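The structure under discussion appears below in the form of structure tokens.
The values are calculated or read from the model by the stated rules, or taken from the named source; none is laboratory data. What you are looking at is a predicted structure, and each value in this text was computed from that prediction instead of being measured. Heads up, the Cβs are rebuilt from the backbone with ideal geometry, glycines too, and the neighbour counts pull from every protein chain shown.
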Amino acid sequence: MQMPTLSRRKLGVATGAAALLAMTALAACDPAPDGKVTQLTLAGSDTTQEVIGQIAGQYNADGTYNTDGDVNQNILAQQTSAKNVPADDTCGSVTWHTPAGAGERLAPNGSGAGRDALLASVQAKDGCVDVARSSGAPRAVGTVAGTDLATFQYFAFGLDAVAASAGPNAPAGLTQAQLQDIYRCNITNWSAVGGANAAIVRYWPQAGSGTRSFAQSDLLGFDPTTVATCATAPKTTEENTGATIAANGDAANAVVPFSAGNWVAQARGTVGDLRNGLEILSLNGQNAVTGSGTSSQLNTAGPVKESNVRLVDPTPAYPGIRYVFNVLDSTAKSYGQAAYFYGFGTDDGSTFKSPLCNGSKASTLTNFGFGPLDTTVSDNNPAGSTCRLYTP
């Protein structure tokens, strides 16, 4: 995979003095085994919950690397079965549930909610959320929900793409301009773009979704829920599933943003198939997915467009390519352990890279539909890691 030269004006990247501060924070932590069992709680993005859940399970069973027996607790965005995280030295016992009952906490649903939960945990100094799964890039620095603390660290661990998916009455592909006109209600019938004579039903992911925010910023360039040219807003659905769309009777005519990585994992049978007939459409003649069925994979060939980074030359192979992240806070109580499993840095003068960031989990990423990153050394991975470090 060819990786582009990055412009860092849009995405707050740890360079210069910022990089020094970030790496100093990493050096100050001690990610080595500490003789204590730590419960690491991960929450947030639907997009990465399955792949991170798989990696978390691998860590829990790895007695060679995880010599303390630390437990990685992966909380689903829709935690419909209550999940208890036992108490440890940093946090009391917490039960996560969707919906939350008496004495329970509501599971954060989506990238934004996961990062907000990490922010709240750091501010409360309760150590109850250690890692936020996020398919969204760094946000503005602040101290309220919807912003990031300056001490947040975004470890990009793989590539995904946000694609337009649609039912069988849609054509095989659209231009980006056509997709925008569909969400502006300038195009309302699939026949206008080469599909069947059927009314288009627009869907949009739930609030707080990183896929939603990326589709808004990078695919459309506007918020389709507030477009004056539409009589009604798009219908809302949980991201990366066609279950609600099918239940509403809209499976044949719907259009909705979809994580290509999640679509691939469902096509491969790695996770349960919830697509309900939704197919990934090409955009501008480019495909986010290659192959079919169990041979499906994310198309990462050629130059890519990475989250919130605009490439002038060369043109990206697919307009919706993005990073996916694990977000840590360098002041959190269990930061050292979180970095040991999900980050990279220096420890007592020697370089360390977690198995996720040294390439050991590449096959797992591929099996779950994501594109592994290479070890090309840059300002974002001075340790030569397969992860990249960004800051707000």
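Below, the figures for the structure above:
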item	result
Single unsatisfied condition, D250 versus (1) assigned to a helix (DSSP H, G or I); (2) out of contact with any helix residue (DSSP H, G or I) (no Cβ under 7 Å at 6 or more places or on another chain); (3) of a type outside the set (F, W, Y)	(1)
A145 touching a helix residue (DSSP H, G or I) at 6+ places or on another chain (Cβ under 9 Å) and free of Cβ contacts under 8 Å to residues at least 60 places away in the same chain	yes
Residue count, region 42-79 (criterion: part of a loop (DSSP other than H, G, I, E, B) and either of a type outside the set (D, E) or in contact with a Pro (Cβ under 7 Å, 6 or more places away or on another chain) (or both))	15
Extreme residue, farthest from N186 (Cα to Cα), among residues of region 218-254 that are among the hydrophobic types (A, V, I, L, M, F, W, C) and in contact with a Ser or Thr (Cβ under 7 Å, 6 or more places away or on another chain)	I245
Hits in region 78-93 (condition: under 24 Å from the mean Cα position of the chain (by Cα), closer than 17 Å to T38 by Cα and among the hydrophobic types (A, V, I, L, M, F, W, C))	V85
1 or more residues under 20 Å from the mean Cα position of the chain (by Cα), within 27 Å of G146 (Cα to Cα) and at pLDDT below 90: qualifying strands (runs of 3 or more DSSP E) within region 275-392	321-329, 388-390
Selection from region 184-210 of residues that are within 23 Å of the chain's Cα centre (by Cα) and either among the β-branched types (V, I, T) or not in a loop (DSSP other than H, G, I, E, B) (or both)	R202, Y203, W204, P205, G210
Boolean, V289 is buried (at least 20 other Cβ atoms within 10 Å of the Cβ) and either closer than 19 Å to V51 by Cα or in the same structural domain as S134 (by TED's automatic domain parsing) (or both)	yes
